[in-house]
Amino acid sequence: MTNQSKTTPAPRTSTPDLEIEILPALPKGDEWLGDAADITLPDKLEFEPVLLRGGRGQITAMKQRVFIRVLAETGRVSLAAKATGNTLAAFYYLRNRPEGGSFAKAWGRALDFGVGRVIDLLVDHAINGTPEYVYHNGHLVGERRRFDHRLMMWLVAHHNPRKYAVSGGLMHAVYGGAAGAARMKRLKREWKKEWKQEWQEKRAKWHKPVDVEAAKAEIIRKVKAMERPRMVAIAQDPEKRAAWELINGPQDWSEYEQG
């Protein structure tokens, strides 16, 4: 990766459910030799950097702190290594060194931070669902939310194992044993019934029965309203009235004579 002299803001590219951050340009090599304390970390992620002697490309204390910070923010070790311009293999080597114990512990805690972000996203999806767009004849006509009930059950069992989990692990509350299988069948029936009812209600809104006679009457009313100014003008002129009746037949002009 080529180091650049200027740091620019990180542009962001958005998708419906995910934001992808493009890393800013890296500082020049000399800037990595600055004060490592400039890279702030939460107290739980503080560690003792591994001090190594090396030339260009060495993993300085500042790079180690950048790695831990990006890892905590993203949960991705490859992205954390890329942020420093070093290879992931170099950081694994650093973590496994005898003097790398403090760095290894910070690495583990940073991953816990990343997992916490994943849990937050899962909770958001479980509560708000995943949007699905409804198209008709190539046009967007609506949006519905799909809810992952397995994800909901996993989160419930994970956060309250005493109440929802039985022997055999957290997911045993949902899938384990005969009781778990029976419970899952019952839940599936309930979910299917709820989904079917919700779908029928939405379908009824989209496909309301049309009263043909009422629709025809409404069209005729609108046409008459648009034609009224012209008919009023004809009603005021005997010659035009005679010409109109010659073409269209007898007409009661009383409703137009008053304007």
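Taking residue 121 as the residue in question, decide whether it is surrounded by fewer than 14 Cβ atoms within 10 Å (Cβ to Cβ), among the hydrophobic types (A, V, I, L, M, F, W, C) and closer than 30 Å to residue 155 by Cβ. Spelling it out, residue 121 is indeed surrounded by fewer than 14 Cβ atoms within 10 Å (Cβ to Cβ), among the hydrophobic types (A, V, I, L, M, F, W, C) and closer than 30 Å to residue 155 by Cβ.
Filtering 76, 144 for residues that are exposed (fewer than 15 other Cβ atoms within 10 Å of the Cβ), in the same structural domain as residue 202 (by TED's automatic domain parsing) and either touching a residue at least 24 places away in the same chain (Cβ under 8 Å) or among the β-branched types (Val, Ile, Thr) (or both) leaves a single hit, 144. The set of residues in segment 76-96 that are more than 26 Å from the chain's Cα centre (by Cα) and β-branched (Val, Ile, Thr) comprises 84, 87.
The values are calculated or read from the model by the stated rules, or taken from the named source; none is laboratory data. What you see is a predicted model; the values in this text were computed from it and never measured. Don't worry about glycine lacking a Cβ; one is built from the backbone with ideal geometry, like all the others, and counts go over all protein chains shown.
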